[in-house]
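S.K.: Would you mind keeping the following structure in view while I ask a few things?
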Amino acid sequence: MNDETRKQIALKRYQMISPVLAEPRRLQNEYFREQSQKEHLFPHYGTKTVAVSTFKSWLRVYRRRGFEALIPKVRSDGGRPRRLGEVEMNAIRGKCKAYPHLSVQKLYEVLLQDNQLGTPPICYNTLLRTVHKEKLLPEVGRKDVRKRYELPAFGELWVCDFMHGPSVEVGPRNAKSILCAVIDDHTRMIVGYAFATTENVSALITVLKEAFLTFSLPKRLYVDNGPAFVSELLLMACAQSGISLTHSKPYDSPSRGKVERFFRTVRSRFLSGLGEKITLDEINEAFSLWLKEDYHHKVHGGIDEKPIDRYHRSIKHTEMKRLSRAELDEIFLVRHERVVGNDATISFKGTIYEVPSAYTRQRVEIRHPVDDRESLHLFDNGARIAKLKPVNVRENARTFRPDAAKSEIRFAKPGMER
């Protein structure tokens, strides 16, 4: 297992604990029990189930030491069998068939008393995973009930989504505008917004960076399962900044009801007043003005007060976690890998860049801000090494000096044969 695979496994672990980073212990336990019933696809390992105790250990080490603590270490018990034998499995199946109403805890005690769990006996969590995987005992389930909720303070939960808007002029052509908006659950303030012509991770990160810079970091970010929201860049950024990233169930737009209701307001109160021909810059300017003069200063039916008033009251009692623009730029750097050529150059987005000659013929990592692809930096083991600049072939030609001994030309004397 190489370092990249270990990092991907750590990202998967963070993704699984992220939805409950800021939740109370009761909700964490409910979420972990629910997730332990499912199979999850992991890099390197494939599809497997995860025990509740494992979820709790990931959450505990992440809170203590951050993202690096989730990177798997080399197992000390490599090569040792960790599976139940056929004899033990037959005993477990028989007990479950004979006593279908036993709890797993009681089943473990009975099997342990009868010495039917191997030598040395397996642990309780191994039996729990086995029983759930093979569905040896009937499961007592319950149906989820959707209830109205509201977080108690600003920054506890932000909800983000995209909305398709009208056609706008972009240079000589027309394109569909797409609004990316972030709403605070408690105050209904729109903390981040921008119309763009794409629904990709670049449009999303541009909005989130400005929102984090202006209003501080939220505790939770709730999004859907679109390509931009499941990107590794967003996952890594939330992991490094300590934000709980939660995804709604597929095709469950009602779970993001507050931002969907805001989009309905945008269509009825903002888009209805726009002219037919408008540029992308003009629609962004008009939308910003509409938020400041209309939406934020009108009584919101969901909270029976103005969003701006509730925001100012809430932040007086809320602890804010802020990052500088430089720190945010570092967190939201887009990562790429390239192999350095024999001439100490790499190609990126159609441009050739110079790389220090020590990295010739090596695979290197380059990073750039999501909104500035030309600001490339070389990284080595997570450390920033140098800013890369495009190749200047004429400047390189002036500094080129061939070996004089190899370039010396000798002429034969008259009358002498060559």
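The values are calculated or read from the model by the stated rules, or taken from the named source; none is laboratory data. Source: prediction; values computed, not measured. Every residue, glycine as well, gets a Cβ built from its backbone with ideal geometry; the counts of neighbours run over all protein chains shown.
S.K.: Of all residues in the stretch 76-93 being over 19 Å from Thr119 (Cβ atoms) and not basic (Lys, Arg), which is modelled with the highest pLDDT?
M.R.: Across the stretch 76-93, the extreme among qualifying residues is Ser76.
S.K.: Still on this structure, please answer the following. Output the residues belonging to the stretch 22-52 that are surrounded by 14 or more Cβ atoms within 10 Å (Cβ to Cβ) and part of a helix (DSSP H, G or I).
M.R.: Gln28, Asn29, Tyr31, Phe32, Gln35, Ser36, Val52
S.K.: Name the residue that is surrounded by the fewest Cβ atoms within 10 Å (Cβ to Cβ), counting only residues in the stretch 98-110 that are in a helix (DSSP H, G or I) and without any contact (Cβ under 8 Å) to a residue 12 or more places away in the chain. Talk me through it step by step, then tell me what you get.
M.R.: Step one: filter the stretch 98-110 for residues in a helix (DSSP H, G or I), giving 98, 104-110.
Next, from what is left, pick out any that are without any contact (Cβ under 8 Å) to a residue 12 or more places away in the chain: 98, 106, 109.
On the way: Ala98: 8, Lys106: 12, Glu109: 13.
Here the answer is Ala98.
S.K.: Let me ask something else. Sort out which residues of the stretch 212-251 are over 21 Å from Ile190 (Cα atoms) and among the acidic types (Asp, Glu), and write them in order of number.
M.R.: If the condition is that a residue be over 21 Å from Ile190 (Cα atoms) and among the acidic types (Asp, Glu), then Glu232 is the only one that fits.
S.K.: Can you find even one residue in the stretch 267-276 that is closer than 30 Å to Trp58 by Cβ and in contact (Cβ under 8 Å) with a residue 12 or more places away in the chain?
M.R.: First pass over the stretch 267-276, keeping only residues closer than 30 Å to Trp58 by Cβ: none.
No, there is no match, as no residue in the stretch 267-276 is closer than 30 Å to Trp58 by Cβ and in contact (Cβ under 8 Å) with a residue 12 or more places away in the chain.
S.K.: Within the stretch 150-167, can you find the residues that are within 23 Å of Met320 (Cα to Cα) and part of a strand (DSSP E or B)? Explain how you work it out, then say what you get.
M.R.: Going through the stretch 150-167, the residues within 23 Å of Met320 (Cα to Cα) turn out to be 150-160.
Selection gives Trp158, Val159, Cys160.
S.K.: Might you check whether a residue that is within 30 Å of Arg313 (Cβ to Cβ), in a loop (DSSP other than H, G, I, E, B), at pLDDT 90 or above and of a type in the set (S, T, N, Q) occurs anywhere in the stretch 190-211?
M.R.: No: the stretch 190-211 contains no residue that is within 30 Å of Arg313 (Cβ to Cβ), in a loop (DSSP other than H, G, I, E, B), at pLDDT 90 or above and of a type in the set (S, T, N, Q).
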